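To start, the structure itself, in structure tokens.
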Amino acid sequence: MSYRIALSREQNGGLTAELYAICKVSSQLIQGAAGQEPTFREIYADTGQRQIKFTLQEDSVVLEPGILSYAHGRLKYEVIQQQPGQAGGFLGRAMRSAGTGESAYGTRVSGTGEVWTEPTHKHFVFANMESGDSMLVDDKAYYAAQGTLRLSTHQHSKVQGALSGNGLMQPRLDGRGLLVIESPVSVHEIEMLDVPPGETVTVDGDMMLMYTATMNPRLGPLVRGLRNSLRSGEGLVYTLDGPGQVFLTPTHIAVSSLA
């Protein structure tokens, strides 16, 4: 028998997002004292799977393709697609020259009701963006966003960006609303750097989850010159200038490196 236990909750306007842990439930027999009947107690074991419930109250949410499990209520479903010739839109990553393989479609759910996503072993981060905020998100991290957020695409000016770990194009979010992103590590392992004006951050793209759009990144070798680049062994890295905030996943280790 399985059971869902709520872990965290975030709300903005008419949209609420809740994260649940899926647990296996078993019964254990407890021997009572002399003359008393034995009793049972339930034991919960975390399976490591997580599931998200969105509760809508006359609001909307745009889901990454393929994550819907089931939904009920007075809801309207709309498949949205990047319009031909339109430069913006995270769905415009249909150019896919970065080779992400993600779909050019998304599902907008609007109205009043509940929406459950598919169970997964991935980690999630809930965030509320305020009016005037802009964020650039790792290409593989976008999961869902409130309909009040404007989703567009940031295209790196250098083709080398496709080799940096984040791809040639990244989702950009502007405005006010609730955002849910996937993370390779738990929210407790994410490190936020508050970078003041005049300072820079240099980071491997695989370790960068998202950053404020005020920090326009430069993509290139850590040191100049082919010989120096080969000696450093670092390849292409991001360099971001403050002011702004960078969210890193320093404890994330690629599976291939564990072999």
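The values are calculated or read from the model by the stated rules, or taken from the named source; none is laboratory data. It should be emphasised that the depicted structure is a prediction, and the values quoted were computed from it without experimental measurement. All Cβ positions, glycine included, derive from the backbone under ideal geometry; neighbour counts span all protein chains shown. Just the protein is used for accessible areas: all its heavy atoms, side chains included, with ligands, DNA and RNA removed. Shrake-Rupley method; radii C 1.70, N 1.55, O 1.52, S 1.80 Å.
For this structure, a couple of remarks:
- Solvent-accessible ranking of Ser152, Ser8, largest area first, probe 1.4 Å: Ser8, Ser152
- Near the amide H of His154, within less than 5 Å, lie the amide hydrogens of Gln170, Arg172, all on another chain or at least 5 residues away, with H placed in the peptide plane.
- Residues with amide H under 5 Å from that of Gly147, placed H, sequence gap 5 or more: Ser60, Val61, Val62
- Along segment 40-55 the Karplus relation, 6.51 cos²θ - 1.76 cosθ + 1.60 evaluated at θ = phi - 60°, assigns HN-Hα couplings of 10, 10, 8, 10, 9, 10, 5, 7, x, 7, 10, 9, 10, 10, 9, 10 Hz to successive residues, with x for each Gly and Pro.
- Here the Karplus curve 6.51 cos²θ - 1.76 cosθ + 1.60, taken at θ = phi - 60°, turns the phi angles of segment 202-207 into couplings of 10, 8, 5, x, 5, 9 Hz, with x standing for Gly and Pro.
- Neighbourhood net charge (15 Å Cβ-Cβ; Lys/Arg +1, Asp/Glu -1) for Gly175: -1
- Note on Arg9 and Arg218: the extension gain reaches 71.7 nm, defined as 0.36 nm multiplied by sequence separation minus the Cα-Cα distance.
- Vicinal HN-Hα couplings computed from phi for segment 126-143 (Karplus, 6.51 cos²θ - 1.76 cosθ + 1.60; Hz; Gly/Pro x): 9, 9, 10, 8, 8, 4, x, 7, 9, 10, 9, 10, 3, 4, 9, 9, 5, 10
- Within-14-Å neighbourhood charge of Thr16 [Cβ basis; K, R +1; D, E -1]: -3
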